[in-house]
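I have placed the structure first, in the form of structure tokens, so that the comments after it can refer back to it.
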Amino acid sequence: MIVCSCNVLSDGAVRGCLGDGPGCPRTPAQVYACLGCSPKCGRCARTIRAIMQNALAGAAIEAGHEAHACATGCATGCSLGKVQPAEEGIAA
Ligand code: FES
């Protein structure tokens, strides 16, 4: 499902960013950057944040669980222990 119509980002692409690595996204803005784009209208930020929170609500992400789609190569060592609260990180 497309969650960001401005950048044509799918929920799967967002989840794909949420692998391991110290540079893994913890804000919607970091998700955009991870996927090689930037926020435009910002309407999708809440949805992206919800996807991030849902991903973190489950069990710890297992190494090698899913192909890592992040263009920044942050695939190792990320705990994804928290998502920044509120709307921090939306401004680009
Ligand atoms: S819908 Fe994502 S920036 Fe506009």
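The values are calculated or read from the model by the stated rules, or taken from the named source; none is laboratory data. Since the model is a prediction, treat every value here as computed from it, not as a measurement. Protein only, heavy atoms only, side chains kept; ligands, DNA and RNA dropped before computing areas. Shrake-Rupley method; radii C 1.70, N 1.55, O 1.52, S 1.80 Å.
If the viscosity is 0.692 mPa s and the temperature 37 °C, what translational diffusion coefficient in µm²/s does Stokes-Einstein give for segment 2-57 when Rh comes from Kirkwood over Cα pairs?
Details: Rh = 11.0 Å.
Reported coefficient: 299 µm²/s.
Using a 1.4 angstrom probe on the protein heavy atoms only, line up R26, R46, R15 by accessible area, largest first. Write out the running numbers ahead of the final one.
Numbers: R26 50, R46 185, R15 115 Å².
These residues rank, largest area first, as R46, R15, R26.
Amide H neighbours of L9 under 5 Å, counting only residues 5+ apart in sequence or on other chains, H built in-plane at 1.01 Å?
It is V3, C4, by chain and number.
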